[in-house]
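Written below as structure tokens is the structure these notes are about.
Read the figures in this text as sums done on the coordinates, not as results from a lab. What you are looking at is a predicted structure, and each value in this text was computed from that prediction instead of being measured. Don't worry about glycine lacking a Cβ; one is built from the backbone with ideal geometry, like all the others, and counts go over all protein chains shown.
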Amino acid sequence: MNTTTRTGQHKKKRGQGKDIWRRLCKNRLAVFGMIILVLLVLLAIFADIVAPYPYDLQNYSVASQFPSWEYPFGTDNYGRDILSRVIYGTRISLQIGFISLAGGALIGCILGAIAGFFGGRIDTVIMRFNDILMSIPKTILAIAIATTLGPGLTNAMIAVSISSVPTFARVVRASTLTVKDQEFVEAARSIGASNTRIIMRYIFPNVMAPIIVQSTLGVGTSIILAASLSFLGLGIQPPTPEWGAMLSAARSFMRDQWYMVLFPGLAIMLTVFALNVFGDGLRDALDPKLKN
């Protein structure tokens, strides 16, 4: 009986997965964004192979050279190939976006689940503190944290992570409030399941859809925040090729060597665009109201 039940549940989950994938594939813009994201991830993984030059190779004989066949994106004022630096920058920017968001999502989900599940004073304390953080614009909050901690990759990721916690806490709390009074949660309580087990075994699996969507949309915000910190000198430091740092270094040459800011800016724009359209499509695919 138990084997039959588990088999049925497995087939049901597999059928739901196919249904979600089918609806996602109907959204051409979301599929386009997903393809771009896959290409960017592959570019980040194989940057050492794809990049035509080392990102820190300086050749002053070709400094400030406009785009050409040899240097498709041109060279900067140190003679470094901008295409290679943009490719390596993909690795750095995606690393910051995914890792910092994962940290913020983990903390936010735990706080949101605790607040929604227990309620009362615990909910009040957590959400009032959350409201304080949400009242501060993300960029200003990240700048304040990065200024306190100092510049650097790790500190930039910490600043971006903390700034993303309030959004996840609010999303998970709202979802937990709708799930905690369901019959299967009451059944788990009746057989003596601990609160920790109920949250991990029954609450989190049923609030994963909004978490996944928020994560997809939040990576783009994290990348922009990290680029903003680097642009202000509070994030990644030269010569590490991060898109925001590249924009900051090239702003003095914007009038005459416009290509130095064009390509890093396009990289940020394309990545965030792909994440947003894919996130929107994923949200629609996971929305139960859209099921046939």
Quick calc, Tyr60 & Ile212: beta-carbon distance into FRET formula, R0 45 Å, rounding 0.05, result 0.40
Quick one: which residues, 5 or more positions from Asn59 or on another chain, have an amide H under 5 Å from its amide H? H modelled 1.01 Å from N in the peptide plane, none for Pro or chain starts. Gly79, Arg80
For the chain, averaging the sequence separation of alpha carbon pairs under 8 Å that lie six or more residues apart and dividing by its residue count, the contact order in percent is 25 percent
Test item: Cα-centred dipole of the chain, Lys/Arg +1 and Asp/Glu -1 on Cβ, debye: 1380 debye
Using Cα atoms only, what is the angle between the long axis of helix 2-26 and the major principal axis of the chain, expressed in degrees (0 to 90) to the nearest 10? 40 degrees
Rounded to 10°, Cα long-axis angle of helix 138-149 versus longest principal axis of the chain: 70 degrees
For region 162-189 and region 97-139, write down the distance between their C-alpha centroids in whole Å. 12 Å
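At a threshold of 8 angstrom on Cα-Cα distance, excluding pairs fewer than six apart, so keeping six or more, what relative contact order does region 50-208 reach in percent?
21 percent
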Between the helical axis of 82-118 and the dominant principal axis of the chain, each derived from Cα atoms, what acute angle in degrees is found, rounded to the nearest 10? 20 degrees
Extended-chain gain in nm, criterion 0.36 nm per residue less alpha-carbon gap, Met134 and Ile99: 10.5 nm
Stokes-Einstein D for region 39-108 at 4 °C, 1.567 mPa s, Kirkwood Rh over Cα pairs, in µm²/s? 99 µm²/s
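Using a Förster radius of 25 Å, what is the FRET efficiency between Arg251 and Glu70 based on their Cβ-Cβ separation? Nearest 0.05, please.
My answer for the efficiency is 0.50.
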Give the span of region 182-257's Cα atoms along each principal axis, as three whole-Å numbers ordered largest to smallest. 71, 19, 15
Contour minus Cα-Cα span, Lys18 to Ser190, at 0.36 nm per residue, comes to 58.5 nm
